[in-house]
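Heads up: the structure comes next, in structure tokens.
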Amino acid sequence: MEEEKVILFILLISSISIHEWAHAWVADKLGDPLPRQQGRVTLDPRSHIDPIGTLLI
């Protein structure tokens with residue numbers, strides 16, 4: 001049971017990172033400089049975590 005929770009957590013973080021990277025990549029390709037300036041065009045989950053937004057959710 002505990003192993004399943006760990007695996008689901010890892011999958012969730014990976015999925016969110018890929019999803020947010022796709023948003024940033026498309027915006028970058030369409031000419032929006034903001035994602036690159038914010039360092040969001042990466043698959044590193046740390047760059048997609050917003051502490052305030054995370055607390056609000």
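The values are calculated or read from the model by the stated rules, or taken from the named source; none is laboratory data. Computed from a predicted structure; not experimentally measured. No Cβ is skipped: glycine too gets one built from the backbone with ideal geometry, and neighbour counts run over all protein chains shown.
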task = Among the residues of segment 22-33, write down those that are among the aliphatic types (A, V, I, L, M) and either modelled with pLDDT under 95 or under 19 Å from L12 (Cβ atoms) (or both).
result = A22, A24
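Pick from segment 22-33 the residues that are of a type outside the set (A, V, I, L, M) and surrounded by 11 or more Cβ atoms within 10 Å (Cβ to Cβ): which of them is farthest from the chain's Cα centre (by Cα)?
Narrowing segment 22-33 to residues of a type outside the set (A, V, I, L, M): 23, 25, 28-29, 31-33.
Now narrow it down to the ones that are surrounded by 11 or more Cβ atoms within 10 Å (Cβ to Cβ): 23, 25, 28, 32.
Numbers: H23: 9, W25: 12, D28: 15, D32: 18 Å.
Looking at residues that are of a type outside the set (A, V, I, L, M) and surrounded by 11 or more Cβ atoms within 10 Å (Cβ to Cβ), I get D32.
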note = Those residues of segment 3-20 which are acidic (D, E) and closer than 18 Å to V41 by Cβ amount to E20
task = Can you tell me which residue within segment 34-57, out of those that are of a type in the set (G, A, S) and surrounded by 10 or more Cβ atoms within 10 Å (Cβ to Cβ), is modelled with the lowest pLDDT?
result = S47
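For every residue, the table says whether it meets (1) part of a helix (DSSP H, G or I); (2) over 14 Å from the mean Cα position of the chain (by Cα); (3) touching a residue at least 12 places away in the same chain (Cβ under 8 Å).
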position: E3; (1), (2), (3): yes, yes, no
position: V6; (1), (2), (3): yes, yes, no
position: S15; (1), (2), (3): yes, no, no
position: E20; (1), (2), (3): yes, no, yes
position: S47; (1), (2), (3): yes, no, no
position: I52; (1), (2), (3): yes, yes, no
request  = Would you check which residues across segment 6-21 are modelled with pLDDT of 90 or more and of a type in the set (V, I, T) and list them?
outcome  = V6, I7, I10, I18
